[in-house]
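Heads up, the thing below is written out as structure tokens.
The values are calculated or read from the model by the stated rules, or taken from the named source; none is laboratory data. Since the structure is predicted, the reported quantities are computational estimates derived from the model, not experimental observations. Heads up, the Cβs are rebuilt from the backbone with ideal geometry, glycines too, and the neighbour counts pull from every protein chain shown.
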Amino acid sequence: MLVSADRRTGRGWSSEKCFQPQMSAMVTDSSFAGRVALVTGGSRGIGRAVALEVARRGADMAVAYANNESAAKEVADEIQSFGRQAVAVHCDVSSQSGVESAVSSVRDQLGPIELLVHSAGIWESADHTQLTEERWTKMMDVNLTGTYRVIWAVKDEMIQRQFGRIVTIGSIAALVSRPAFMHYSVSKAAVIAMTRTCAEAFAPHIRINCVAPGLIETDMTSQLPQEAWDQMIAGTPLQRVGQPHDIAKLVCFLLSEESSYTTGQTVIASGGRITIP
């Protein structure tokens, strides 16, 4: 849990405390009742928020994790507490066999995957003088090829069953110059391109969209120095840090039939820092 001073008011606040009251009010509908969902990177941050919100709307949930099994099981336990089936599954997206094993396990325990949210990924800063081929390759293998592995593990069955909803998680770093995060920015730009091309390839029964978050308070972004936080908030029209539940709500919209005429799109959630076109 990240505890810090509120960058607008100076009051102390907790991201967990900020998140939980929002979640308690989210038992809003049963739009995903009877569906089976898989969320990669579901043990923390955006993935955790998405898993909880999708399950609150009726889906049975597979919470996929790479390293933190206990955190994933905690998410699964919380989902079970409000009446949904939930399992925690190990899924290393850098391993083809690992992804296939995870998807097979979900299918055996819950049924065919109908809703997929691919949130797993890595981040680091490195300017061009520090960017080695090893760092580049690892970033692309996890963030880009990992996205390919997960989508390809579920898309054929979705197409055969004539139903599937997929949301990938990109970043506004894909849309603006980020010299200190070159390999990360390129990997996320490629995820956006993959989303766009998959939408046409998998149509008409499968819809796939991308969410590109801005500054969201997670374990990953907690590595940023205070100065960077201050600068980004100062440049954000809504003048606040995004919370994981902000992204979870948007993801649920894209998974739902409320967005039935939307596919191949990248939706920015950045508090207004980045707008297109």
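Can you name every residue in the range 159-196 that is closer than 19 Å to Tyr261 by Cβ and either surrounded by fewer than 22 Cβ atoms within 10 Å (Cβ to Cβ) or without any contact (Cβ under 8 Å) to a residue 40 or more places away in the chain (or both)?
Result: Gln162, Phe163, Arg196.
Scan the range 54-84 residue by residue and report those that are touching a residue at least 40 places away in the same chain (Cβ under 8 Å), of a type in the set (Phe, Trp, Tyr) and surrounded by 24 or more Cβ atoms within 10 Å (Cβ to Cβ).
Correct list: empty.
Those residues that are part of a loop (DSSP other than H, G, I, E, B), touching a strand residue (DSSP E or B) at 6+ places or on another chain (Cβ under 7 Å) and under 21 Å from Leu144 (Cβ atoms), I need them from the range 87-112; list them, please.
Cys91, Val93, listed by residue number.
Here is a list: Asp141, Asp156. Which entry is over 22 Å from Ala49 (Cα atoms), without any contact (Cβ under 8 Å) to a residue 40 or more places away in the chain and outside any loop (DSSP other than H, G, I, E, B)?
On inspection, the qualifying residue turns out to be Asp156.
Just checking: which of the strands (runs of 3 or more DSSP E) contained wholly in the range 1-85 hold 1 or more residues that are modelled with pLDDT under 95 and among the small types (Gly, Ala, Ser)?
Those strands (runs of 3 or more DSSP E) span 3-5, 12-14.
Restricting to the range 123-164, name every residue that is at pLDDT 95 or above and aliphatic (A, V, I, L, M).
Those that are at pLDDT 95 or above and aliphatic (A, V, I, L, M): Leu131, Met139, Met140, Val142, Leu144, Val150, Ile151, Ala153, Val154, Met158, Ile159.
Within the range 122-138, restricting attention to residues that are of a type in the set (Asp, Glu) and not in a helix (DSSP H, G or I), which residue is nearest to Met194 (Cα to Cα)?
Glu124
Given (1) crowded, with 18+ Cβ neighbours inside 10 Å; (2) among the charged types (D, E, K, R); (3) in a loop (DSSP other than H, G, I, E, B), where does Arg207 come up short, assuming only one miss?
(3)
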